[in-house]
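The values are calculated or read from the model by the stated rules, or taken from the named source; none is laboratory data. The model shown is predicted, which means the values in this text are computed figures rather than measured ones. Here the Cβ positions follow ideal geometry from the backbone for every residue, glycine too, while neighbour counts run over all protein chains shown. Ligands, DNA and RNA are excluded from the accessible area calculation, which covers all protein heavy atoms including side chains. Shrake-Rupley method; radii C 1.70, N 1.55, O 1.52, S 1.80 Å.
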Amino acid sequence: MDMPEEEPPEYAELASEEEEEEEEEEEEFDEEAHLEAQRSALEQTLLTETLELMEVLTQLPEKSKLKWTPHHKTLATSFLKDAPERILCCYVVRGSGKERLAVSLNLPVGPVGVVWYFLKTDAEERITAINFKSCVW
């Protein structure tokens, strides 16, 4: 003897629809997070390329012996990203028989030999390795 199939109650259909909507929202959120991760990775790559270009362009005596430290790169990043930072100076500091690279967002206050500086031509322009030579002197 066959029993007639009972239809699921209406509230079961509503719950099923809500679950589908939640799954769609989760998929959208994952897509947005993925896109944000891609943008962030691209921005980091462009920043790294620009910092490497700055290191190459810096012309100082004994350049091969001078190393850019994480602190120097942080200052250079501030110069690239922060509109109020208009100048970045690189120069050699001599002391205790040693030479080291100095990087500053200001002009040196004491006597130094050679100063290499980068000067923004437009504070609002986003600087990358691609447009660096047109945005920075």
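Assorted remarks:
- Residue count for region 54-67, restricted to those that are among the charged types (D, E, K, R) and exposed (fewer than 11 other Cβ atoms within 10 Å of the Cβ): 2.
- From the options LYS120, LYS98, LYS65, residue that is within 19 Å of VAL136 (Cα to Cα), more than 15 Å from the chain's Cα centre (by Cα) and of a type in the set (Lys, Arg): LYS120
- Scope region 103-125; condition surrounded by 12 or more Cβ atoms within 10 Å (Cβ to Cβ), free of Cβ contacts under 8 Å to residues at least 24 places away in the same chain and farther than 12 Å from LEU80 by Cα; matching residues: PRO108, VAL112
- THR128 without any contact (Cβ under 8 Å) to a residue 40 or more places away in the chain and open to solvent by less than 80 Å² (accessible area, probe 1.4 Å): no
- Qualifying residue in region 55-62 (condition: of a type in the set (A, V, I, L, M), modelled with pLDDT of 85 or more and in a loop (DSSP other than H, G, I, E, B)): yes
- For first residues located in region 68-88 and open to solvent by 40 Å² or more (accessible area, probe 1.4 Å), partners that are among the basic types (Lys, Arg) and at pLDDT below 95 and lie 6+ apart or on another chain with Cβ distances below 6 Å form the pairs ARG86/LYS120.
- Residue within region 92-103 that is in contact with a strand residue (DSSP E or B) (Cβ under 8 Å, 6 or more places away or on another chain) and in a loop (DSSP other than H, G, I, E, B) present: no
- Qualifying residue in region 29-36 (condition: touching a helix residue (DSSP H, G or I) at 6+ places or on another chain (Cβ under 8 Å), assigned to a helix (DSSP H, G or I) and open to solvent by less than 90 Å² (accessible area, probe 1.4 Å)): no
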